[in-house]
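Read-outs throughout are calculated quantities, based only on the coordinates presented, and are distinct from any laboratory measurement. Everything quoted here is computed from the prediction, not taken from an experiment. Virtual Cβ from ideal backbone geometry, glycine too; neighbours counted across all protein chains shown.
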Amino acid sequence: MSELFQLRCEQCGRSFGNGPLVLCEDCFAPLEIAFDLTAVRSQVSRSVIESRPRDIWRYAEFLPVAEGFRSTLPVGFTPLLQAPRLGAGIGSQDLWLKNDAACFPTLSFKDRVVAVALAQARAFGFEVVGCASTGNLANAVAAQAARLGLAAWIFVPSDLEAAKVIGSAVYGAQVIQVEGNYDRVNRLCAEIADLHPWGFVNVNLRPYYAEGSKTVGFEIAEQLGWRLPDNVVVPMAGGAQISKIAKAFSELVTTGLVEPRPVRVFGAQALGCSPIAGAVAQGASEITPQLPSTICRSLAIGNPADGYRAMEVIRKSGGWAGSATDPEIVAGMRLLAETEGVFGETAAGVTVAVAGQLLREGRIPAGDTTVLCITGNGLKTTDALVGALPELPVLAPSLEAFEQRLGAFEVSR
Ligand SMILES: *Cc1c(COP(=O)(O)O)cnc(C)c1O
Ligand SMILES: [Zn+2]
């Protein structure tokens, strides 16, 4: 095999080539993609990457896609925004937003992981793809499968936001609403994947899927001028994204694209589903699964597949994890929108609220370069804001009526 990557067991080191495999046959540890970084290093440089189109494929050598792979989907390369007004509000002097609320094509960071997983699904010969999803993954799989001409089976918990269900079904995917939480949905998909020759992006294609999250880290570093930040704050569900952002930073250092710099990695969860944040806070040696109960459905995974890895990454980096109550999540969404004009979903509310706590507690120093990962779009979770915003006036269409009530109107600035 001429490829620069293959599946490897982290525990025993055994290699498995490439295929739709998830666990080591010997020790049942999760498989991870290992890259030949010496070869990667000889093929890429800052200027080579900068000369390419502004999407995730500019980092192709760091992704598990076949040599010569050409995508027609310009996913990623979302804006990295300076956030001085939010920074002033929560106590940071150098705050940045990585804004995946604007990710193409379905407005969440899941577009990145799906693009990589589907590239491999085709290479492995799957004509049917699917996923177990808390919503955003469903949207991304449905949209990208439609564009690639693949059939898609999407499994979601039956209590999802309407926008996320409609935003999957519209692409012609078969959406199945399962009575039960995400962890039940995920178990069902694992059983289906054993029986049918389907590529489930986050089940039997999970090692490939997870690597797609590295592109968030590559972009942050490049957009800071090929420099690593001091801190990143990342919302956690299954725990893959946070682990892979850390992996991306370390690969950039290993290949000489950025100077070494210790980056502290911070995780954020909703208090009503905080198995990883709870374990970090308690100094636990394992993750205790939890029954989710939170308005933040995108992060409602009670038994996170990469939870242990996420916890290790956070600890090793000198970071921490925090959690936010439902009212704090809503307040975080509003603060982000009112200060920076960015409408993030409930997961963004979690991230902003937890970042505020970490700054107040001094775990993140105010003068550090700190990046918050805004991972999804608020238009998909307007349900969370119903009743939370001031009541809106209805007015007779006359100047007189307007002038009469002018004093009662309020504008935040
Ligand atoms: C899935 C998701 C996450 C968490 O990703 P994991 O890799 O599962 O930890 C964060 N934010 C949003 C909006 C998501 O949809
Ligand atoms: Zn093994």
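Provide, for the chain, the number of lysine pairs with alpha carbons under 19 Å apart, each pair being eight or more places apart or on different chains.
Here the count comes out as 16.
Please report the antiparallel percentage of DSSP beta bridges with both residues in the chain, rounded to the nearest 5.
Taking every DSSP beta bridge within the chain, about 30 percent pair in antiparallel fashion.
With a cap of 12 neighbouring Cβ atoms within 10 Å, and only residues DSSP puts in a loop, list the GluC sites (Glu not before Pro) found in region 19-120.
E25, E67
What Kirkwood hydrodynamic radius do you get for region 110-211 when you take the inverse of the mean 1/r over all pairs of distinct Cα atoms, in Å?
Result for region 110-211 stands at 12.9 Å.
Stretched out fully, how many nm does the piece from I176 to R85 gain, at 0.36 nm a residue minus the Cα gap?
That works out to 28.6 nm of additional length.
Just to check, using Stokes-Einstein with a Kirkwood Rh over alpha carbon pairs, what's the diffusion coefficient of the chain at 20 °C and 1.002 mPa s in µm²/s?
Value of D from the Cα-based Kirkwood radius: 99 µm²/s.
If contacts are Cα pairs under 8 angstrom and at least 6 residues apart, what is the relative contact order of region 110-211 in percent?
So the answer I get is 34 percent.
Please list the radius of gyration and Dmax for region 233-282, considering alpha-carbon atoms only, with Å as the unit.
When restricted to the Cα atoms of region 233-282, Rg and Dmax are 13.1, 41 Å.
Anyone know which of S108, S133, S398 comes out most mobile in the 10 Å Cα GNM of the chain?
Greatest mean-square fluctuation among the candidates belongs to S398.
Taking the Cα atoms only, what angle lies between the long axis of helix 136-148 and the longest principal axis of the chain, rounded to 10 degrees?
Between helix and principal axis, roughly 60 degrees.
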